[in-house]
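These notes concern the structure reproduced below.
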Amino acid sequence: MKITTLCFCLKKDLVLLAMKKRGFGTGKWNGYGGKQDSGETPRQTASRETNEESKLIVKNEDLEQVAVIRFYFEGVQLFECHVFFSEKWQGEPTETEEMRPQWFPSSNIPYKEMWVDDELWLPLVLGGERIDADIDLSSDGSIVKNFSWKKTSFI
């Protein structure tokens with residue numbers, strides 16, 4: 001089981017998403033993130049991955065955790081994803097070899113071009129909920145077989 005992160009930068013009613021250009025999730029809009037390196041906290045991972053994929057500098061203290069989601073594929077847990085929002089950063093989103101950034105109004109998120117589960121949990125956290133969730137997907141990730149969540153709080 002891998003620890004992963006996602007970071008969504010927010011500006012007024014806009015959400016920064018990025019089109020994945022290579023690797024896991026190619027062709028999908030998503031937040032910035034990836035796998036935790038040895039010795040890192042999820043917050044440090046989110047900050048590092050956001051910088052690597054967008055050139056934005058997001059300080060650890062400017063990340064607000066909004067979710068922890070355990071992802072299962074056919075009942076086998078593969079990821080525990082820590083999701084963060086940030087409203088503060090340095091720099092401008094820049095296209096990299098891996099990701100192409102674009103701002104979207106929070107009322108017009110391209111859910112049909114994202115992971116199938118995103119339209120279940122992302123509106124919750126954008127709406128102010130802080131969640132602890134479990135999502136079970138089909139083996140290819142195209143079908144949500146189960147989604148359950150509860151409210152939580154993060155330090």
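Just so you know, all these numbers are worked out from the coordinates, no wet-lab data involved. Computed from a predicted model, the values in this text were never measured in an experiment. Neighbour counts are summed over all protein chains in view; Cβ atoms, including those assigned to glycine, are modelled from backbone coordinates with ideal geometry.
Here are a few things to note about the model shown:
- Taking a Cβ cut-off of under 12 Å around Glu52, the surrounding Lys, Arg, Asp and Glu residues balance to a net charge of -2, with basic ones at +1 and acidic ones at -1.
- Proxy reagent accessibility, fewest Cβ within 10 Å first, across Val76, Val68, Val125: Val76, Val68, Val125
- Among residues other than Ser138 with Cβ under 9 Å from its Cβ, the summed charge is -2 (Lys and Arg +1, Asp and Glu -1).
- Hz values of 3J(HN,Hα) by residue in the range 77-82 - Karplus curve (6.51, -1.76, 1.60), Gly and Pro given as x: 6, 10, 9, 10, 9, 9
- Members of Lys55/Lys88; Lys12/Lys88; Lys28/Lys112; Lys12/Lys55 lying beyond 18 Å, as alpha-carbon distances in this model show: Lys12/Lys55
- Cα gyration tensor shape for the range 27-68, rounded if a/c is under 1.5, else prolate or oblate: rounded
- The residues packed around Phe84, meaning those with a beta-carbon under 13 Å from its beta-carbon, carry a net charge of 0 if Lys and Arg are +1 and Asp and Glu are -1.
- With contacts taken as Cα pairs under 8 Å at a separation of at least 6 residues, the range 2-151 carries a relative contact order of 27 percent.
- Nitroxide proxy distance, nm - points 7 Å out along Cα→Cβ at Thr41 and Lys12: 3.3
- Values of log10 I(q)/I(0), in the order q = 0.10, 0.12, 0.17 Å⁻¹, for the chain under a Debye, Cα-only, solvent-free model: -0.31, -0.46, -0.99
- By the helix-only formula, in which each DSSP H run with n ≥ 4 contributes -39500 (n - 2.57) and the sum is divided by residues, the chain has a 222 nm mean residue ellipticity of -4500 deg cm²/dmol.
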